[in-house]
1. Could you tell me whether region 170-178 includes any residue that is within 20 Å of the chain's Cα centre (by Cα), part of a strand (DSSP E or B) and either at pLDDT 80 or above or within 25 Å of R129 (Cβ to Cβ) (or both)?
2. Is it true that some residue in region 195-210 is surrounded by fewer than 20 Cβ atoms within 10 Å (Cβ to Cβ), modelled with pLDDT of 85 or more and touching a Ser or Thr at 6+ places or on another chain (Cβ under 6 Å)?
3. Between residues in region 152-165 that are farther than 14 Å from L179 by Cα and residues that are surrounded by fewer than 19 Cβ atoms within 10 Å (Cβ to Cβ) and at pLDDT below 70, which pairs lie under 7 Å by C-beta distance while being six or more apart or on different chains?
4. Looking at S3, S22, S102 in this structure, which one is closer than 26 Å to G214 by Cα, in contact with a Pro (Cβ under 7 Å, 6 or more places away or on another chain) and of a type outside the set (A, V, I, L, M, F, W, C)?
5. Out of all the residues in region 179-191, which are of a type outside the set (S, T, Y) and either within 16 Å of the chain's Cα centre (by Cα) or outside any strand (DSSP E or B) (or both)?
6. One residue is enough: does region 12-27 have a residue meeting the conditions surrounded by 16 or more Cβ atoms within 10 Å (Cβ to Cβ) and of a type in the set (K, R)?
7. Consider only pairs whose beta carbons are under 6 Å apart and that are at least six residues apart or on different chains; among these, list those whose first residue lies in region 207-236 and is without any contact (Cβ under 8 Å) to a residue 24 or more places away in the chain and whose second residue is among the aromatic types (F, W, Y) and in a strand (DSSP E or B).
Amino acid sequence: MKSLFFDTDARADDARRWLIASLARHGFQVWTASEIDEAWPHLDAEIAEVPRLWIVRCARADDDVAALALCRRVREKAATRAIDGVRVLAVVPPDAAALVTSLIVAGADDVLFLPSSPAEIDARVDLARAQVDVAVRADRPAAADASGPQLADALATGVAVVSRGGSLLYVNPAFGALLGRRSEALLGTAMTALVTAPCSARWQQLDARVYAVGQGDEELQLRHADGSAIDVYYSARRLDAAADATLTRSTGSDWGSVA
């Protein structure tokens, strides 16, 4: 599986090295480009050779022109050529929060703020790989039996699907383990019952933001089955409007990475 890492600042830093190493660990062959003209040819390659995961990094808060242009072109080419499983992960510095909405409108599927911990980077790449695999397999009759939930069940990272009303529609075993519960027992549970009281307002604001702009990230505390509070990093992305659900990812400091 190919990926393309577009970074206008090609200097080797820790964040870049961690991200490229994580891509390799998740089975991606990594191509790099620091100029738009270097990236375009990859979109015109044979369909099987087109990178399925595009990492578009804005090295500075004002470095958005090339990133937005590439996001748009990737999305347009994927639609025009009917290329399945193309995902765009935008990578931005912490002071570039204002770029997030523009990047999503331009075609980014997810946003990663760097610097982030190696566990958070791994969780994002793990999630992106699962999304690519689901889309690619769904487009292949020979793999029609490989559904999204089946793939998510096998992940070491946690995945949940949350309804517009805030109830858990799907929880994989890793997400249940984060809370010390069986995943089946969490089905139908309201997120408001899992979020600690001090984080209740933060959760409500995050939920509203996800449905307003398509995604959101927040540090929260969730209730463990033993009564303790678990610090997590919760990232949500709005799925198909017909499903009216969100895909959530949490990274607990005591639990490694979950998505």
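1. yes
2. No, region 195-210 has no match at all.
3. Taking only residues 6 or more apart or on different chains, the pairs are S163/D244; R164/D244.
4. Going through S3, S22, S102 in turn, the sole match is S3.
5. Listed by number, the residues that qualify are L179, G180, R181, R182, E184, A185, L186, L187, G188, M191.
6. yes
7. Within 6 Å, the pairs are E218/Y234; E219/Y233.
So that you can scan it fast, the table gives a plain yes or no per residue for (1) modelled with pLDDT of 85 or more; (2) β-branched (V, I, T):
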| site | (1), (2) |
| --- | --- |
| V74 | yes, yes |
| T80 | yes, yes |
| R87 | yes, no |
| D95 | no, no |
| V100 | no, yes |
| A106 | yes, no |
| S117 | no, no |
| D122 | no, no |
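The values are calculated or read from the model by the stated rules, or taken from the named source; none is laboratory data. Nothing here was measured: the structure is a model prediction, and the numbers come from that model. All Cβ positions, even for glycine, are placed from backbone atoms using ideal geometry, and neighbour counts span all protein chains on display.
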